[in-house]
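The values are calculated or read from the model by the stated rules, or taken from the named source; none is laboratory data. Computed from a predicted model, the values in this text were never measured in an experiment. Cβ coordinates were reconstructed from backbone atoms using ideal geometry, including for glycine residues, and neighbour counts include every protein chain displayed.
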């Protein structure tokens, strides 16, 4: 063959765009058709429960709607919102305070506190709630101790009511503040110290600098953390049930399991999902700015603030928070466990090897969580690949669709799957795989975000370099991209595993008869008030959760990623 | 080659050209290559050839399409129109398509794109999977020795300096003995001091190997030092291809004249056979019709000045550049001109000067 001569006529003629429908959707380059097909199918699958909830809710009978609007919705709305606001406020104060003290000051022991302050995430809030029922509740340790001290009868003591907004706020805040703490401390760590120096050079004192420079710049990160807390409060079922505090999640569960009112349950779910979507919209708004903020990156470690005579009061405050959120709950769980071991009937109940023993529950918890985490990472690969490498409105829309689970509290996922499976795939209902499916749907966004973040850090040049050195696209992806994003994939896996392990409401609704996980058993035992039976299970659950949490924290210290 | 050209009206010109380059047909040839991103025509009907062993620079401001052109050659992008020929075979356009992994083109990226999970040897070996296992290590050692990295085989990219990373990237691209090497702003990630040395070193290596190279830069000096020929691009179009001397002395367009070297542009009116400017009436080749206004290019070295009390120009600024002095001069109209003179000229700011223009070097656009 011979190379044609340059043709003068061609010069300066703008060629027409070749027709093809895909580049329009996928921006600059055409994505492989197979990847598109897989991604579309997966995204659609992930979004089905969300749309089904709306479908059920909006086609619900108008009588039920009217009854709920007159009767339940206003109260639920107010009580849910009150709880979300209270918990958010407390977690901001505790989370930001700890973050600032630990990251930016010369607080003694901050090298250890950096880890410990995040560890309450491994204690599921319902476990915390049960611990504090035993301590602060009626006939609890505090009442017992006070009555022994003062000689008054327990019921005559002027104790504040523990089953209340205040008590529920305490139980939820102590075990969700790490969301704010982690976000705020990551932001503080990447905070450009020059800004503080500039403020000092303008004559501002430390406190004034904190209020007028540091806090405003931290606001996006704090906002992101608070919205995670708020999302958790909206989806929480275990804590509010144990605390007998009415929120949407608890009401939905009640309507469905005690009153068998599917219609009302669907309608309440629809309203709850709508509230969640509003909150999420707020999150995506603040997240966009948080990302911008983190790019400022400090190139020089900031000089720690000298606390001076505030050193020990600050230390006392940090130790108090950690005692309430970590040492006391774990200590009490250990105490009950040991106590149970000495009681032979309890010990045989818990430790004997049978279908109703701790081993079976632990195994059920571990394998379902691991299966969900593995599936989530596998699903995330094509979707994240498409979103990062072929960024376009369509691929972004697809990514958003696949993360529908974010808007679905556990109770709603459970309910939606029950309806869907009963109506369309009955043979699947009642298998443990449904539990795995629920975890996948609900927690997939965490895997998606970790994978996307990791892929964004791989320069496309890296894949192109591999191709110019003779690798086909799929080989380039496997040999170069996957090793590079492995830490990100592992982080996504660990996150989904951690949250699945602690999941309660969807598991309660969907588990096959006799299929108990650790959270399910803890919840059943503690709603019956048998703490010695619940304690060893809770302790094991906390230990199992601490491992992936520790891994995640180590990772987040290396890179700028924050676990959410 | 001539057989295909029968019927072409420019056949005579083509035969002359093909006689000149008969010995070697080009390693890479672009024919009317265009690439569009949405409404933006990033590359617009580009034609050029690169002969074996030649180093061609694609020079232009950012966004001119030079990197896209490089990516089209590598196969990372598909052209919307036109053809790309690699060693007498069409690899893109006209219904043919060869993916990057089958083009045997080496690429050195601007950010080097070294694989962080592989050692220096691992990176260098990456492209040698078609070589028998035993020869791979030998080839790796050979290439690393050549780029001066012998002894660093087991280091990882993050343990290397910028200059060393650059050489690993070069070694990795050269190891499979590619037919063509592409360099995308290869020196922009290096310190200014280091850049000059590395540039010469790399050029020496490539010339010793006789590698055919296309490289992208926005730095005119770099293009002139490194390349045998330079292709100047602007807004997706190829403005001119030529040796550095050709571009400097015979710029084809105003853009090239402006982008390549310093230049003063003086407006002038075309008269019969000459151009009337503020610097006098000069004979300048041009294609404008009488009465039209055109711009005359005066290079700083072509404007000689000397102290003269009644001279028409005033020295406004004086910058000492080491081997010469740059004077900024004001014309009576207020327009500014730049002139480069030997240091002993010794003029001071505020002095009036006379001038002399080297007419044979003037160009008009």
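Numerical summary
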{"quantity": "Members of region A:100-139 that are without any contact (Cβ under 8 Å) to a residue 24 or more places away in the chain and in contact with a helix residue (DSSP H, G or I) (Cβ under 7 Å, 6 or more places away or on another chain)", "calculated": "A:110, A:139"}
{"quantity": "Only one of B:310, B:258, B:302 that is within 32 Å of the chain's Cα centre (by Cα) and over 30 Å from residue B:236 (Cβ atoms)", "calculated": "B:302"}
{"quantity": "Residue, farthest from the other protein chains (Cβ to nearest Cβ), within region B:74-106, restricted to residues that are free of Cβ contacts under 8 Å to residues at least 40 places away in the same chain, assigned to a loop (DSSP other than H, G, I, E, B) and over 30 Å from residue A:485 (Cβ atoms)", "calculated": "B:95"}
{"quantity": "Verdict on residue B:110 being surrounded by fewer than 18 Cβ atoms within 10 Å (Cβ to Cβ), at the interface with chain A (Cβ under 10 Å from one of its Cβ atoms) and either modelled with pLDDT under 95 or under 24 Å from residue B:207 (Cα atoms) (or both)", "calculated": "yes"}
{"quantity": "Single residue of A:445, A:460 found to be in contact (Cβ under 8 Å) with a residue 40 or more places away in the chain and at the interface with another protein chain (Cβ under 9 Å from one of its Cβ atoms)", "calculated": "A:460"}
{"quantity": "Elements of type strands (runs of 3 or more DSSP E) in region B:168-272, at least 1 residues being under 30 Å from residue B:119 (Cα atoms) and away from chain A (no Cβ under 14 Å)", "calculated": "B:213-217"}
{"quantity": "Number of positions in region B:23-62 that are free of Cβ contacts under 8 Å to residues at least 12 places away in the same chain and away from chain A (no Cβ under 12 Å)", "calculated": "1"}
{"quantity": "Failed condition for residue B:316, given (1) part of a strand (DSSP E or B); (2) touching a helix residue (DSSP H, G or I) at 6+ places or on another chain (Cβ under 9 Å); (3) under 21 Å from residue B:349 (Cβ atoms)", "calculated": "(2)"}
{"quantity": "Among the residues listed as B:177, B:138, B:165, B:204, the single one being buried (at least 20 other Cβ atoms within 10 Å of the Cβ), at pLDDT below 95 and out of contact with any strand residue (DSSP E or B) (no Cβ under 6 Å at 6 or more places or on another chain)", "calculated": "B:165"}
{"quantity": "Total residues in region A:52-89, condition free of Cβ contacts under 8 Å to residues at least 60 places away in the same chain and over 21 Å from residue A:246 (Cβ atoms)", "calculated": "4"}
{"quantity": "Total residues in region B:63-77, condition out of contact with any helix residue (DSSP H, G or I) (no Cβ under 6 Å at 6 or more places or on another chain) and at pLDDT 90 or above", "calculated": "10"}
{"quantity": "Residues that are within 13 Å of residue B:112 (Cβ to Cβ) and within 19 Å of the chain's Cα centre (by Cα), drawn from region B:153-201", "calculated": "B:183, B:184, B:185, B:186, B:187, B:188, B:189, B:190, B:198"}
{"quantity": "Meets criteria (surrounded by fewer than 20 Cβ atoms within 10 Å (Cβ to Cβ) and out of contact with any strand residue (DSSP E or B) (no Cβ under 9 Å at 6 or more places or on another chain)) for residue B:228", "calculated": "no"}
{"quantity": "Positions within region B:115-126 being at the interface with chain A (Cβ under 8 Å from one of its Cβ atoms) and modelled with pLDDT of 90 or more, in sequence order", "calculated": "B:126"}
{"quantity": "Hey, residue B:144 at pLDDT 90 or above and in a loop (DSSP other than H, G, I, E, B) or not", "calculated": "no"}
{"quantity": "Condition check for residue B:46: under 17 Å from residue B:179 (Cβ atoms) and at pLDDT 90 or above", "calculated": "no"}
{"quantity": "Checking residue B:238 against (1) in contact with a helix residue (DSSP H, G or I) (Cβ under 8 Å, 6 or more places away or on another chain); (2) touching a residue at least 24 places away in the same chain (Cβ under 8 Å); (3) crowded, with 23+ Cβ neighbours inside 10 Å, the condition it does not meet", "calculated": "(1)"}
{"quantity": "Within region A:467-476, considering residues that are more than 7 Å from chain B (Cβ to nearest Cβ) and without any contact (Cβ under 8 Å) to a residue 40 or more places away in the chain, the one surrounded by the fewest Cβ atoms within 10 Å (Cβ to Cβ)", "calculated": "A:474"}
{"quantity": "Helices (runs of 4 or more DSSP H) lying entirely in region A:191-256 (those with 3 or more residues that are surrounded by fewer than 18 Cβ atoms within 10 Å (Cβ to Cβ))", "calculated": "A:193-201, A:206-209, A:215-235"}
{"quantity": "Residue match in region A:41-59 (condition: modelled with pLDDT of 75 or more, in a loop (DSSP other than H, G, I, E, B) and more than 12 Å from every other protein chain (Cβ to nearest Cβ))", "calculated": "yes"}
{"quantity": "Selected residue [touching a residue at least 40 places away in the same chain (Cβ under 8 Å) and in contact with a strand residue (DSSP E or B) (Cβ under 8 Å, 6 or more places away or on another chain)] from B:126, B:109", "calculated": "B:109"}
